[in-house]
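The structure appears below as structure tokens.
The values are calculated or read from the model by the stated rules, or taken from the named source; none is laboratory data. Owing to the predicted nature of the structure, the values given are computational and were not obtained by experimental measurement. Here the Cβ is made from the backbone with ideal geometry for all residues, glycine too, and neighbour counts use every protein chain on show.
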Amino acid sequence: MNALIRIAKKIDSALGQILKWLTIGLTVIITLIISADIFLRYVPLTTLTWKEEIIELCFAGIVFFGAAAVWMLKGHFSVVDFLVRRIKAERAKAAYRLVLELIMLAFAGIFFWYSLDLVSRAYEVTSVFNIPKKYIYLCMPVSSAIMIAYSLSFVAKNVIELAGSKGGKPAGKSEKD
């Protein structure tokens, strides 16, 4: 079991690093293209007729892979902690967190389903490089699959927490109190 946990932690760390550097790299690419475009307005050596295609691809990657990275870390804006602090019973806190994780899992599942449908129905190609648009859209089902995997993990943790929490005992109280 410990070996499985170590492997999962290594995969988690590697995936986090991949998403981090991917979004950083895509941001750098966009910055370079926009800088070159601005420079070429004043020094007209050539035109970047292809820039929109690459920028579109990069922005899609930044948005969706970045969202998956934030999802993994639970770094998105949330009022959960504020509301959880107001709940006194540990079991109620655990149940509340579980319901929220199930809602987030449902969102990720719906997102995956519809983004996969979009990719399967996309037949257009970009005008300059003839890149199939489905490759631009592919970041959506990939990132939502990552979100689903992490949501399943979060749900499992919350189920374990709910199963281990004491009945209606207030938070921080022991059985003796």
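Odds and ends about this structure:
- Where VAL63 falls short, out of the listed (1) β-branched (Val, Ile, Thr); (2) more than 23 Å from SER144 (Cα to Cα); (3) surrounded by 14 or more Cβ atoms within 10 Å (Cβ to Cβ): (2)
- Screening GLY75 with (1) surrounded by fewer than 17 Cβ atoms within 10 Å (Cβ to Cβ); (2) of a type in the set (Gly, Ala, Ser); (3) in contact (Cβ under 8 Å) with a residue 24 or more places away in the chain; (4) under 28 Å from ALA14 (Cβ atoms) gives one miss only, at (3).
- Scoring TRP50 on the criteria (1) touching a residue at least 12 places away in the same chain (Cβ under 8 Å); (2) touching a helix residue (DSSP H, G or I) at 6+ places or on another chain (Cβ under 6 Å) leaves a single failure, condition (2).
- THR27 vs. criteria on the phi < 0 side of the Ramachandran plot and out of contact with any helix residue (DSSP H, G or I) (no Cβ under 9 Å at 6 or more places or on another chain): no
- For region 115-126, the tally of residues that are in a helix (DSSP H, G or I) and either under 20 Å from PHE77 (Cβ atoms) or not polar (S, T, N, Q) (or both) stands at 5.
- Inclusion of PHE112 among residues that are at pLDDT 95 or above, outside any loop (DSSP other than H, G, I, E, B) and closer than 20 Å to GLY61 by Cβ is warranted.
- ILE62 touching a helix residue (DSSP H, G or I) at 6+ places or on another chain (Cβ under 6 Å), at pLDDT 90 or above, in a helix (DSSP H, G or I) and β-branched (Val, Ile, Thr): yes
- Filtered residues of region 77-100 (kept if at pLDDT below 80 and assigned to a loop (DSSP other than H, G, I, E, B)): PHE77, SER78, VAL79
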